[in-house]
Amino acid sequence: MRPFELTLADAAAAIRAKDLSPVELTDSVLARAEAVEGRLHAYVDVLAERARADAAQAAQEIAAGRPRGPLHGIPMGLKDLIDVKGLPTTASSAVRADHVADGDSAVTVRLADAGAVLLGKTHTHEFAYGLTTPQSRNAWDAERVAGGSSGGSAVAVAAGAATFALGTDTGGSIRVPASLNGVVGLKPTYGLIPRDGVTSLSWSLDHVGPLTRTVRDADLVLAALTGRDAQDSAGDLTGLRVGVPRTYYFDRVAPDVEAAVREAIERLRDLGAELVDVEIPMTRYVKAVQWGLMVPEATAYHERTLRTTPELYAPDVRVLLEAGELLLAGDYLRAQRARTLMRRAWALMMEQVDIVAAPAVPLTAAPVDQQSVQWADGSVESVSDSYVRLSAPANITGAPALTVPVGQDRAGLPIGMQLIGRPLEERTVLRAGRAYEATRTDAGRLAPGPAAEAGSQSR
């Protein structure tokens, strides 16, 4: 197996056993990035020289008996909303063309302390305000969308051009691209991971989290970001109550997606979980609350540049920011009150179950030129609205949510299942995800790459 094909956990084990050096791993991942970047465009910038220097330092520290943990010497990408001192934070926008960070974000500091190797900054939909990331292409089919807004991070991980990456999630921006690219995405509980030094889209909805090849890998990254211990093993799910939604999450969902997710839920039952039908509360208000919070908060953040250099924004982002100027304070306050009621209603529902299992998104990766989707009931929905519909509730409630690959549709495109837990109960969500993942023979699989790839040396 080539080093770039290793999951984070396997690469860490190989480094610990001295079967692989951080330099070998980083060289292999950089070569893979060079081989795929021309068609996938995951990165704003690849920092090869810096990465090799950091890998060499990690190798020296490990050889000297000073290992820092499982992330030591592991190459990763950061969404280009996350500040790294001395590097641009462009948010994939011309508005930020001349911006250079004057300090490190909190998560950058924590990953550096863990010894991770920064490969580069990954593309985002401009200022994270979108669900497609038009600069990047899907790792499984370059004619389809990457998903967003953490599209570059998901594509890099799915293609083997990063062993893991960080993204942000305001309405699904980790989980949507993770699902569309066949990787694992974790949106932790709101506030669990600090957002200091991370460019905001909507401060009351924004989350930072990892995108990885496996649930085990996500657990390791979360541990480094929070200071808690990762779980040792998956185990069975005896005693776990899994909520299966009667409403909302299986409405207007592609048949292949529904079939794959329901089959995955049955595997949870086979692992010992108890399936419990649940009614998702206040579903009619999800879209209004999500947009009622996000739009005015985003516009407030961009108020100065929207008035001084509006022409620098992409048209789709500019129109949303300008729309935010039309919303009244009363609309925003009503959205805040509705969110409070929704959080209470979800808390009551979650007294019946430990997690909710549902599709992550209602359809797989759309062609890049597709604007809308027509559902079997005759309704028409924009692609972006369809992608955010099933992920937004976890942002509104602040609950932890994990996306796990559960198969492919008839076109060979990845499908993801979403596991939503109670606030601050990431361990339960990860336990369920790891147990399910252990039943699959293709867990951690990379997207297919070029026929003749660089970085093909064996370890």
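May I ask for log10 I(q)/I(0) of region 93-186 at q = 0.16 Å⁻¹, from a Debye sum over the Cα atoms as equal point scatterers with solvent left out?
After summing over all Cα pairs, the log10 values are -0.65.
In Å², and per residue, what accessible area does the chain have when probed at 1.4 Å with the other protein chains present?
In whole numbers, the chain has 38 Å² accessible per residue.
With a ≥ b ≥ c the root eigenvalues of the C-alpha gyration tensor of region 350-459, is it rounded (a/c under 1.5), prolate (a/b larger than b/c) or oblate?
Oblate, since a/c reaches 1.5 and b/c is not below a/b.
Which whole-number percentage describes the relative contact order of region 1-149, with Cα contacts under 8 Å and a sequence gap of 6 or more?
For region 1-149, the relative contact order is 24 percent.
If you find the alpha carbon centre of region 255-314 and of region 64-83, how far apart are they in angstrom?
29 Å
What is region 163-300 by shape, rounded, prolate or oblate, if you read a ≥ b ≥ c off the alpha carbon gyration tensor as root eigenvalues and call it rounded for a/c under 1.5, prolate for a/b larger than b/c, and oblate otherwise?
oblate
Which whole-number percent is the relative contact order of the chain (Cα, under 8 Å, 6+ apart)?
20 percent
Give the share of C-alpha pairs in each 5 angstrom bin for region 126-168, from 0 to the last occupied bin, in whole percents, shortest bins first.
Bins of 5 Å from zero give 6, 29, 32, 23, 10, 0 percent of pairs.
Out of the total accessible area of region 1-58 (probe 1.4 Å, heavy atoms of protein only), what percent is carbon and sulfur?
Taking all protein chains in place, region 1-58 shows 48 percent carbon and sulfur surface.
HN-Hα J couplings of region 391-405 from phi, Karplus 6.51/-1.76/1.60, θ = phi - 60°, integer Hz, Gly and Pro as x?
Couplings: 9, 4, x, 6, 6, 4, 7, x, 6, x, 9, 10, 9, 10, x Hz.
Could you please put TRP203, TRP291, TRP140 in sequence from largest to smallest accessible area, using a 1.4 Å probe?
Result of the area sort, largest leading: TRP203, TRP291, TRP140.
For the chain, what does the helix formula give at 222 nm: sum of -39500 (n - 2.57) over DSSP H segments with n ≥ 4, over the residue count, nearest 500 deg cm²/dmol?
Here the helix-only value at 222 nm equals -11500 deg cm²/dmol.
Using mean projected area of the Cα convex hull in nm² as the read-out, say which of (1) 24.1; (2) 20.1; (3) 25.6 was calculated from these coordinates.
Of the listed options (1) 24.1; (2) 20.1; (3) 25.6, (2) comes from this structure.
As an exercise, find the ratio Rg/Rh for region 20-70 from alpha-carbon atoms, using the Kirkwood inverse-distance average for Rh.
Result: Rg/Rh = 1.07.
How high is the relative contact order of region 252-380? Use alpha-carbon pairs under 8 Å, at least six apart in sequence, and give a whole percent.
That works out to 45 percent.
Calculated FRET efficiency, TRP375 and GLU49, Cβ-Cβ r, R0 51 Å, to nearest 0.05?
Efficiency, rounded to the nearest 0.05: 0.55.
Quote the Stokes-Einstein diffusion coefficient, in whole µm² s⁻¹, for region 254-316, based on the Kirkwood radius over alpha carbon pairs, a temperature of 10 °C and a viscosity of 1.306 mPa s.
Roughly 98 µm²/s, to the nearest whole number.
Output the peptides 367-377, 91-101 sorted from most to least packed, where packing is the average of other Cβ atoms within 10 Å over each peptide's residues.
Those peptides, ordered most packed to least, come out 91-101, 367-377.
So if each residue of separation counts as 0.36 nm, and I subtract the Cα-Cα distance between GLN408 and ARG307, what length gain in nm does that give?
Difference between extended and current length: 31.9 nm.
Check VAL46: other-chain or 5+ apart residues with amide H under 5 Å from its amide H, H built from backbone geometry?
none
Which three extents, in whole angstrom, do the alpha-carbon atoms of region 148-209 cover along their principal axes, largest first?
Extents along the principal axes: 31, 19, 17 Å.
Could you sort 255-264, 122-131 so that the peptide with the highest average Cβ count within 10 Å comes first and the rest follow in order?
122-131, 255-264
Which value in nm describes the separation of the simple spin-label points at ASP277 and THR441, placed 7 Å from the Cα toward the beta carbon?
3.5 nm
The values are calculated or read from the model by the stated rules, or taken from the named source; none is laboratory data. The shown structure was predicted, so the numbers you read here are calculated from the model rather than taken from an experiment. Here the Cβ is made from the backbone with ideal geometry for all residues, glycine too, and neighbour counts use every protein chain on show. These accessible areas exclude ligands, DNA and RNA; they are computed on the full protein's heavy atoms, side chains included. Shrake-Rupley method; radii C 1.70, N 1.55, O 1.52, S 1.80 Å.
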